[in-house]
Structures are given as structure tokens and as C-alpha cells.
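Right, I'll just put the structure down here and ask away after.
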Amino acid sequence: MRLRKFAQISTSEEEEEEEMSNEHEEGEILPPEEDEDEEASLEDPKPVGKRVRFSGEGSEKKSHYKVFEFSGNRYTIEDPVLLAPETKEQKPDIVIIKDITQTIDGMVMVTGQLFYHPEDAKKKGGGNWQIRDTRELFYSTHHVEVPAKCVMHKCVVHFIPANKQLPDCRKHPGFIVRQIYDAVEQKLWKITDKDHN
């Protein structure tokens with residue numbers, strides 16, 4: 001819609017029309033202002049509880065915590081969570097939270113131990129890994145550090161040794177892990193009863 005500017009004219013009928021047009025025009029051009037900084041700060045992740053320890057020095061100094069809160073939810077060390085993908089075409093990453101830090105400038109960061117989707121895990125010599133279930137992920141020793149605001153929500157991950165039967169997805173929803181992925185060697189190792197009890 002094209003907006004018009006009105007010249008001031010001395011007739012009363014035209015002044016009323018101008019006032020009505022300007023009210024409409026102002027409503028479209030100048031919506032009520034919102035304090036964006038205040039709104040954003042309410043949504044920022046916040047550490048909860050006492051600081052566990054410090055690491056680093058100077059501008060690299062970080063405070064470590066066991067819990068953080070974001071969008072009304074609490075997340076703790078060892079929680080499995082989904083991370084927002086960088087693009088709509090990607091699947092969310094899944095990590096187990098291993099560390100929660102806050103930088104000197106107040107940014108809350110999460111270090112997570114990454115699970116690989118089978119299609120993202122490279123196989124030495126090429127090809128694809130065989131999976132038995134669409135819920136399957138590969139555990140890894142690969143760690144990633146991301147801003148805590150990338151955390152979407154908690155999820156459930158079941159570690160199932162190779163000699164055990166897969167759980168019924170209706171009774172036990174969530175992801176399943178039967179193998180550990182070695183990203184350097186591009187190999188899979190089976191999980192045993194001793195690995196994750």
C-alpha cells in the first residue's frame with residue numbers, strides 16, 4: 001500500500017479527513033514499540049545453583065555449573081538433549097550434556113558428547129552402516145560445544161547391549177544405541193553389558 005503525505009489545508013472537513021488518514025497511517029508505520037533487549041534477556045539461558053569450579057584465565061575464564069534453565073526448562077549434566085539444526089534440511093544433533101559453562105560476557109555454553117545418525121557416520125572404505133531400527137544412533141567420544149540456546153528439549157536414549165533384545169517402541173519411546181562410533185578410525189564397536197550400566 002502506498003502511503004500519502006498530506007498538506008495542511010484550512011478547511012475543517014479536509015482537516016478531519018487528514019486526521020483520520022494520519023491515524024491509520026501511523027498505525028501501520030509505527031506499531032507499538034517493544035523493548036527487544038529486555039525480551040531477549042528473558043529468553044537467554046541462565047545457570048542455576050552454585051558455581052562448581054572455574055577454568056581458563058583472563059578473557060578465557062569460565063564458570064562451570066551443574067544446571068541451567070532455558071525457556072522454563074531445567075537441564076543438568078548427563079541429560080540427553082536435541083540441538084537445533086543449522087538448516088531445515090538437517091536432523092537435530094543429539095548430545096549428552098557433559099559440561100555447562102558461562103563465559104565472562106555471560107553467555108551460557110553446553111559441551112555435549114555427540115551421538116551420530118547412521119547416515120552421518122563415515123564408514124572406512126565407503127558405504128553405509130547396517131542398522132536394525134530407524135531409532136538407532138551411534139554413541140561416540142566426539143564432544144561439541146554450543147550455545148545453550150541451541151538446546152531444543154530433552155530426549156530419551158536407551159543403551160542396549162548387542163546381546164539384548166530391542167525394546168518395543170510403544171512401551172519405550174526414544175532413541176536406541178547399540179554401537180559406539182570411532183570417528184577417527186571410522187569403525188563401530190558393540191556396546192556390552194559392562195559399558196553402560
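The values are calculated or read from the model by the stated rules, or taken from the named source; none is laboratory data. Please read all numbers here as calculations on a predicted model, not as lab measurements. FYI the Cβ positions are ideal-geometry reconstructions off the backbone, even for glycines, and counts take in every protein chain you see. Only protein heavy atoms, including side chains, enter the accessible area calculation; ligands, DNA and RNA are left aside. Shrake-Rupley method; radii C 1.70, N 1.55, O 1.52, S 1.80 Å.
Please arrange 138, 175 by accessible surface area, largest first, computed with a 1.4 Å probe and ligands excluded.
Correct descending sequence by accessible area is 175, 138.
Excluding ligands and nucleic acids, what accessible area in Å² is computed for residue 83 using a 1.4 Å probe, to the nearest 10?
Accessible surface of residue 83 is approximately 10 Å².
Assigning unit charges at the beta carbon (Lys, Arg +1; Asp, Glu -1) and nothing else, what dipole magnitude in debye, to the nearest 20, does the range 89-165 show about its Cα centre?
Details: 10 positive and 9 negative charges, 71 e Å.
So the magnitude is around 340 debye.
Rounded to the nearest 10 Å², what accessible area does residue 104 show when all protein chains are kept and the probe is 1.4 Å?
It works out to around 110 Å².
Carbon and sulfur together cover what percent of the accessible area of the range 58-197 at a 1.4 Å probe radius?
Taking all protein chains in place, the range 58-197 shows 50 percent carbon and sulfur surface.
Any idea what the dipole of the range 37-131 comes to, in debye rounded to 20, about its Cα centre with Lys/Arg Cβ at +1 and Asp/Glu Cβ at -1? Don't skip to the end; give the middle numbers.
Details: 14 positive and 17 negative charges, 135 e Å.
Dipole of the range 37-131, to the nearest 20 debye: 640 debye.
Provide the per residue accessible area, probe 1.4 Å, for the range 46-190, rounded to a whole number of square angstrom.
62
Among the listed pairs 66/91; 50/88; 62/190, give every one whose C-alpha distance is greater than 31 Å.
Numbers: 66/91 27 Å; 50/88 37 Å; 62/190 36 Å.
Where the Cα-Cα span goes over 31 Å, the pairs concerned are 50/88; 62/190.
Right, something else. Please compute, over every Cα-Cα pair in the range 99-175, the percentage with a separation greater than 14 angstrom.
72
Let me ask another. Over every pair of different alpha-carbon atoms in the range 46-190, take the mean of 1/r and invert it; report that Kirkwood radius in Å.
Answer for the range 46-190: a Kirkwood hydrodynamic radius of 16.6 Å.
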